[in-house]
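Visitor: Below is a structure I'd like to ask you about.
The values are calculated or read from the model by the stated rules, or taken from the named source; none is laboratory data. Because the structure is a prediction, the values reported are computed rather than measured. In this analysis, Cβ positions are derived from the backbone assuming ideal geometry, glycine residues included, and neighbour counts consider all displayed protein chains. Each accessible area value is taken on the protein alone, full model and side chains, heavy atoms only, with ligands, DNA and RNA left out. Shrake-Rupley method; radii C 1.70, N 1.55, O 1.52, S 1.80 Å.
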Amino acid sequence: MPDRRGYFGIYGGRFVPETLMPALEELEEAFFHSLRDKNFQLQLTHLQKTYIGRPTPLYFAERLTEHLGGAKIYLKREDLAHTGAHKINNAVAQVLLAKMMGKKRVIAETGAGQHGVATATGAALFGLDCEIYMGTEDMERQVLNVFRMKLLGAKVTEVPTGSRTLKDAINEALRDWTSSVRTTHYVMGTVFGPHPFPVMVRHFQSVIGRETKRQILAAEGRLPDYLIACVGGGSNAMGLFYAFLADAVEMIGVEAGGKGIETGEHAARFAGGSIGVFQGCKSYLLQDNNGNVLGTHSVSAGLDYASIGPEHSFLKDSGRVRYAYATDDEALAAFELLSKTDGIIPALESAHALAEVGKRAPALSQNTLMVVNLSGRGDKDVQHVARIKGIKL
Amino acid sequence: MKTRISETFKKLRKLGKKAFIPYIMTGDPSLEKTKEIVLLFEECGADIVELGVPFSDPLADGPTIQRAAERALQNGTTLRTVLSFVSNLRQVTQIPLVLMTYFNPVFRYGTEDFISNARNAGIDGVIIPDLPPDEAGDFVRTSRSHGLDTIFLLAPTSTEKRIKRVTKASHGFIYYVAIAGITGANLLLDGSMEILIAHIRQYTENPIAVGFGVSTPDDAAHVAKLSDGVIIGSAIVKRLHENPDKLKDYLFSLRQAIT
Ligand SMILES: Cc1ncc(COP(=O)(O)O)c(C=O)c1O
């Protein structure tokens, strides 16, 4: 747990304009109350089971394991959750909370579009108005998800400023929230931003790790040796890791290496960043010497972000979790590999975690157990990958 | 503690007058232009000048100041260049200067170094919109010891608890945000501001200046009646770029309206 002010060690906090401070205090209270609220818990559990489709399977990827010839690889199938990614776990819970708080409208940022789709879905489910902010560049590479959001009744607002990706969408969503805070809840999509978002989103995602623990014990009679997840803001990784933090399990978070760290075109905050204060919290940040935020690049919109959840910075400094990165090319190769070996097209984000598996698994013994968070399915990326390969659909 | 800002408000209060506080983004479109504008502000009767520091992600600002920040950044304006600009400016004017900056440039610069260098350069106060008092304990203490005023924001959404906390941490003046929103939005004068400012006054003797959304001389006149000073930003920046010939007349009309 973070401290009372939302700090994980020296990371976190609440750095926002005064206009939002009362809303964050109200949200903090509502969230901590919901943990003890039977009615909220019953509704959420019911929705997880009947609407989201939980528990999601833990699948032994036999052919990928064979292909790599080392560690035994399990995939936690968040791609099979409703709307196709782990984002729904958090979005439905936050929209339910917003409804209980009496809010009439929800807004969200989105990068890959999965969080936008998940929030639009939650809003449709509970009958709230919904507006999603998305950078122009992301709208181009995730066209399918833009249309899905519109089908779900959400308004999608293009953000053409700055780097025209996730960070700019968050700026715009925060500006909207500053103007609409009395009636609107901001559904932050990852373990980032001002307290209580990092702890709240982790809590709503931690169901992933709790299920995984039960499932691996049932399948193998013991805990895994490795957990591997990609890290954008860090919600699918925290969701998987949290239940195992006190166990003797190695954990690896995989950032986006883009075109390579040396090119400067990447989103590997731990490889190229330093401590900063950005969009509500203190954490590692890709910034220049004057404290301006640098542009980032990743083939995957969901990992293309200049900062990282504060709890990850804490876990990195303490050494509890190790962080690696995968380049665009490595992720694209992993994207194709899993499609062929196991008939599962992963999201490009998740493909970064799979790329790390590809580097480690072959050297490990066959009784090593590795669990990878397959955070989303790749349907949304199919057009983008075709374009990269120069194939006209 | 006596500071240039507190002395200014004291003098105005004695005269029964209100402060005119215009804003300009430093380095937009150039440092020479900014200097010219600050001197024009003084000529037009400004009491305090607010200088913006450009930042890549100004989340409390509307499109006008966002674009001003982009232009200033393109010209290579940084927190460092702003401080040396102010040192220079101090050779030609003694008008109280307040810096408006986001926190990350300050954090990156080194908070203590920033406070002492800003003070040495001749800055009188700082406003950091994304640094609420809850995160500013050390910042306020160090600023106090250097005689730098820490100006915090209150908003229409502020609760009793927030008002207490913000008034306690604020020195120089309190910045009351006229609308729940970002800079450059439209002002809505529905009578609630009067009630909220009266409420804030129960907790502080500090002057209260109002900004965000003030655009016309009529707005300024209305707001001045309820407060101790009026801050005008986006509307000035907009005129500077769209209608520079009219800027001086506009500033004079604001000055006349603020009584
Ligand atoms: C499928 C998928 N995985 C991972 C991410 C990265 O987010 P996080 O690090 O919060 O899990 C995203 C974000 O859009 C996503 O859509």
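Visitor: Let a ≥ b ≥ c be the square roots of the eigenvalues of the Cα gyration tensor of the stretch A:211-370; is it rounded (a/c under 1.5), or, if not, prolate (a/b larger than b/c) or oblate?
Guide: Because a/c hits 1.5 or more and a/b fails to exceed b/c, the stretch A:211-370 counts as oblate.
Visitor: Just grab the label-to-label distance for B:Lys14 and B:Glu36, each label 7 Å out from Cα along the Cβ direction, in nm (one decimal).
Guide: Label-label distance for B:Lys14 and B:Glu36, simple model: 3.7 nm.
Visitor: For the stretch A:120-135, take each phi angle, set θ = phi - 60°, evaluate the Karplus expression 6.51 cos²θ - 1.76 cosθ + 1.60, and give the result in whole Hz per residue in order, putting x for glycine and proline.
Guide: Using θ = phi - 60°, the values come out as 4, 5, x, 5, 5, 4, 9, x, 9, 5, 8, 10, 10, 9, 8, x Hz.
Visitor: Related question: Classify the stretch B:4-257 as rounded, prolate or oblate, taking a ≥ b ≥ c as the square roots of the eigenvalues of its Cα gyration tensor: rounded when a/c is under 1.5, otherwise prolate if a/b is larger than b/c and oblate if not.
Guide: It comes out rounded by the Cα gyration axes.
Visitor: Which trypsin sites (Lys or Arg not before Pro) in the stretch A:343-392 sit in a loop by DSSP (not H, G, I, E or B) and have at most 15 other Cβ atoms within 10 Å of their own Cβ?
Guide: A:Lys389, A:Lys392
Visitor: Still on this structure, I have one more. Roughly speaking, to the nearest percent, how much of the stretch A:149-273's 1.4 Å accessible area is carbon and sulfur?
Guide: Working: 1900 of 3700 Å².
Summing carbon and sulfur atoms, their accessible area is 51 percent of the total for the stretch A:149-273.
Visitor: Summarise the partner chain shielding of B:68-80 as one whole number: the mean count of Cβ atoms from other chains within 10 Å of each residue's Cβ. Spell out each step's value before the answer.
Guide: Numbers: counts 0, 1, 2, 0, 0, 2, 0, 0, 1, 1, 5, 3, 2.
Neighbouring Cβ atoms belonging to other protein chains average 1 per residue here.
Visitor: From the square roots a ≥ b ≥ c of the eigenvalues of the alpha-carbon gyration tensor of chain A, which class results: rounded (a/c under 1.5), prolate (a/b over b/c), or oblate? Kindly include the intermediate steps, with their values, before the conclusion.
Guide: On the way: a/c = 1.37, a/b = 1.25, b/c = 1.09.
It comes out rounded by the Cα gyration axes.
Visitor: Would you please give the FRET efficiency between A:Ala248 and A:Lys392, computed as 1/(1 + (r/R0)^6) with r the Cβ-Cβ distance and R0 = 56 Å, to the nearest 0.05?
Guide: On the way: r = 50 Å, r/R0 = 0.90.
Efficiency for this residue pair is about 0.65.
Visitor: Give the distance, in whole Å, between the Cα centre of the stretch A:302-358 and the Cα centre of the stretch A:226-278.
Guide: Each part's Cα centre sits 8 Å from the other's.
Visitor: For A:Lys99, give me every one of the lysines with a C-alpha distance below 17 angstrom, ignoring sequence neighbours fewer than eight places off in its own chain.
Guide: Within reach: A:Lys38.
Visitor: Further, regarding this structure: May I ask you to evaluate 6.51 cos²θ - 1.76 cosθ + 1.60, the Karplus curve with θ = phi - 60°, for each residue of the stretch A:104-115 and list the ³J(HN,Hα) values in order in whole Hz, giving x for glycine and proline?
Guide: Running phi through 6.51 cos²θ - 1.76 cosθ + 1.60 with θ = phi - 60° gives 9, 9, 10, 10, 7, 8, 8, x, 6, x, 5, 5 Hz.
Visitor: Please work out the Cα center distance from the stretch B:58-101 to the stretch A:51-72, rounded to the nearest Å.
Guide: 54
Visitor: Do the sum for chain B: with -39,500 (n - 2.57) for every DSSP H run of n ≥ 4, divided by all residues, what is the mean residue ellipticity at 222 nm, to the nearest 500 deg cm²/dmol? Numbers along the way, then the final one.
Guide: Working: 12 runs with 126 residues, N = 259.
Rounded to the nearest 500, it is -14500 deg cm²/dmol.
Visitor: Let me ask something else about it. Using 7 Å Cα-to-Cβ label points, what is the B:Gln202/B:Asn186 separation (nm, one decimal)?
Guide: 3.3
Visitor: Then there's this: For A:Lys389, give me every one of the lysines with a C-alpha distance below 24 angstrom, ignoring sequence neighbours fewer than eight places off in its own chain.
Guide: A:Lys389 reaches A:Lys259, A:Lys340, A:Lys359, A:Lys380.
Visitor: Give me a single rounded figure for B:53-66: the average over its residues of other chain Cβ atoms within 10 Å of their Cβ. Write out the running numbers ahead of the final one.
Guide: Values: counts 2, 2, 4, 15, 13, 3, 15, 9, 2, 2, 2, 0, 0, 4.
Counting other chains' Cβ atoms within 10 Å and averaging over B:53-66 gives 5.
Visitor: Related question: With a 1.4 Å probe, how much accessible area is buried between chains B and A, both sides summed, in Å² to the nearest hundred?
Guide: Chains B and A together bury approximately 3100 Å².
Visitor: Okay, helix-only estimate at 222 nm for chain A: each DSSP H run of n ≥ 4 adds -39500 (n - 2.57), divide by all residues, round to 500 deg cm²/dmol; what do you get?
Guide: Value at 222 nm, helices only: -13000 deg cm²/dmol.
Visitor: Considering amide H positions built from the backbone, and no H for Pro or chain starts, which residues 5 or more places from A:Ala347, or on another chain, come under 5 Å of its amide H?
Guide: Those lying under 5 Å, H to H, from A:Ala347 are A:Gly376, A:Arg377, A:Gly378.
Visitor: Could you list which residues have their amide H under 5 Å from that of B:Ile174, counting only those 5 or more apart in sequence or on another chain, with H placed in the peptide plane?
Guide: B:Ile208, B:Ala209
Visitor: Could you give the accessible area per residue of chain B, probe 1.4 Å, as a whole number in Å²?
Guide: It amounts to 39 Å² per residue over chain B.
Visitor: Can you pull the percent of the stretch B:4-257's accessible area that's carbon plus sulfur, 1.4 Å probe, other chains left in place?
Guide: The C+S portion of the solvent-accessible surface of the stretch B:4-257 is 49 percent.
Visitor: Please work out how much length the chain gains when fully extended from A:Lys340 to A:Glu265, using 0.36 nm per residue of separation minus the C-alpha to C-alpha distance, in nm with one decimal.
Guide: On the way: separation 75, 0.36 × 75 = 27.00 nm, distance 2.91 nm.
Between A:Lys340 and A:Glu265, full extension yields an extra 24.1 nm.
Visitor: Next up: Please give the length that would be gained between A:Lys104 and A:Arg210 if that part of the chain were fully extended, namely 0.36 nm times their separation in residues minus their C-alpha to C-alpha distance (nm, one decimal).
Guide: In short, 35.0 nm is gained.
Visitor: What is the spin-label model distance, in nm, from A:Asn289 to A:Asp37 if the labels are put 7 Å beyond Cα along the C-beta direction?
Guide: 5.1
Visitor: Here's a follow-up. Take every residue in peptide B:130-137, count the Cβ atoms of other chains within 10 Å of its Cβ, and give the average of those counts.
Guide: Values: counts 12, 6, 10, 2, 10, 9, 1, 0.
Other-chain Cβ atoms within 10 Å of each residue's Cβ, averaged: 6.
Visitor: Separate question: Per residue, what accessible area does chain A have, given a 1.4 Å probe and all protein chains present, in Å²?
Guide: It amounts to 34 Å² per residue over chain A.
Visitor: For the pairs A:Lys167/A:Lys316; B:Lys2/B:Lys168; A:Lys104/B:Lys164, note any where the Cα-Cα span goes beyond 24 Å.
Guide: Flagged as over cut-off: A:Lys104/B:Lys164.
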